[in-house]
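Rule-based calculations on the coordinates, nothing more; no lab input. Bear in mind that the values here come from a model prediction, so they are computed numbers and not experimental data.
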């Protein structure tokens, strides 16, 4: 192999630098006749959620929410919701943006956020609550894996219908609620302030001594929350925040 002297090596490096700098045009560079292509520096490719799963946007601090991609912010999405990091299911995507469901009132609230303001995960789980049949079905990868009877809201305090999601898991205030409480993004349409809490969020929890009424067919026994036998509630332990909850009155 021929040894290259320091002077020749320096000249070669200088030539390479000049060639790459003189033919630069943003998305590509020509170096010694070869065109090198680069990704645009601010184009971000969203992760592809596997079939049957939901893409979830996770906030890491308060971020602006928009009524449409671009423009001026329409609202501020809080960093946390009752102490839990906001994990918001993605509804639609646009270059540089995602539309997400929100946990705040009114029911059905959504906003567009910059995809650079969030990080992404995905969930394979979905919960279907059917008020007509007073039953719950848990899906994983679009396949039903568990079903159970449930207690739902009474006629005067009905369980709200709509497309919601798991907002966070909370500690049980008493043993009657079971080992944990799943707080959803749904809010009662009949109650605005439950026990001076400032809100009335729909939650999924234990039976609160209504096991006999719920039985195997379900019953109208709550103020809008969803009650399950404790053994059935345990099947939802691994459902992460951001997982969709659809409440229908079919």
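The table that follows gives values for the structure above.
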{"read-out": "Value of Rg to Rh for segment 54-123 (Rh from inverse mean 1/r over Cα pairs, i.e. Kirkwood)", "value": "0.91"}
{"read-out": "Per residue, the convex hull volume that the Cα atoms of segment 112-236 enclose (Å³)", "value": "133 Å³"}
